[in-house]
Each structure stands twice: as C-alpha cells, then as structure tokens.
Amino acid sequence: QVQLVESGGGLVQAGGSLRLSCAASGIIFSINAMAWYRQAPGKERDLVALITSGGSTNYADSVKGRFTISRDNAKDTVYLQMNSLKPDDTAVYYCKTAQGRISYWGQGTQVTVSS
C-alpha cells in the first residue's frame, strides 16, 4: 500500500529554518508529482509547494522566495526547505501524492514558529 511518512517538524524561532522530509513507499516515486500542504488551526488545508516528476515547481505566494521543494528519486523522498520562517507558517505540514483520482496523504508533521 502507499505510505507517506513526514519528518523534520519542530519548534523554531522566527527567522529560523527547518527541512521537512517525506519518504514514500508503495508507488513508483519517480513518475509521481509530490506536494506539500499545510493546515493551521481553524483553517483549511492549503497547497504550499508542488514538484512534478520532471522537477518543475510551483509555490504558494506566501512562501515564494523562502521555501524550496526538491526531490531525490533515488531515495523516494521529497523535501521542503523552509527558510526565514514566520509565526504565520505555524501549521501541520502534510505530504501528498496521487494516483489517478486517489490521493494519498501522510500523517503530518507539526511546525511551530515562535515570535
């Protein structure tokens, strides 16, 4: 079965950095687009960044220039490098992929940015 396991969240001060990882199994990773979403308390889950199988990327306006999504097909892992973190970045971050109409999500990793 498809499994996505996120790691790398934690507590960081504003201006700091974190790198999230998402290890995938049960899929042919190299042909799948991968994405990071986040959900803050009381808010909807929103797209943060996406990377296609070919390496093209797309970012939410709120994170452009601060976050970088990348992938390592040899390790079946997608990363989210987060720099210049702000308190507004506080959320649970989820990894997502899809096969056809079926979406798969990880369990999420908490990122808390203190001011």
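The values are calculated or read from the model by the stated rules, or taken from the named source; none is laboratory data. Predicted model, so just to flag it, every value in this text is computed and none were measured. Neighbour counts run over all protein chains shown; Cβ positions are idealised from the backbone, glycine included. Note: accessible area is taken over every heavy atom of the protein model, side chains too, but ligands, DNA and RNA are not part of it. Shrake-Rupley method; radii C 1.70, N 1.55, O 1.52, S 1.80 Å.
What to note about this one:
- Geometric descriptor of the chain, per residue, is 97 Å³ (volume of the convex hull of the Cα atoms).
- The label-point distance for A40 and A14, in a model that sets each label 7 Å from Cα toward Cβ, rounds to 1.2 nm.
- Here the stretch 1-114 exposes an accessible surface that is 47 percent carbon and sulfur, computed with a 1.4 Å probe and the other protein chains kept in place.
- Karplus-derived 3J(HN,Hα) values for the stretch 71-80, using 6.51 cos²θ - 1.76 cosθ + 1.60 with θ = phi - 60°, are 9, 10, 5, 5, 10, 6, 9, 10, 10, 9 Hz; glycine and proline are entered as x.
- Aspartates and glutamates whose Cα lies under 13 Å from that of K43, excluding same-chain neighbours fewer than 8 positions away: D88, D89
- Spin-label pair K64-D88: with each label point 7 Å from Cα along the Cα-Cβ axis, the two points sit 1.4 nm from one another.
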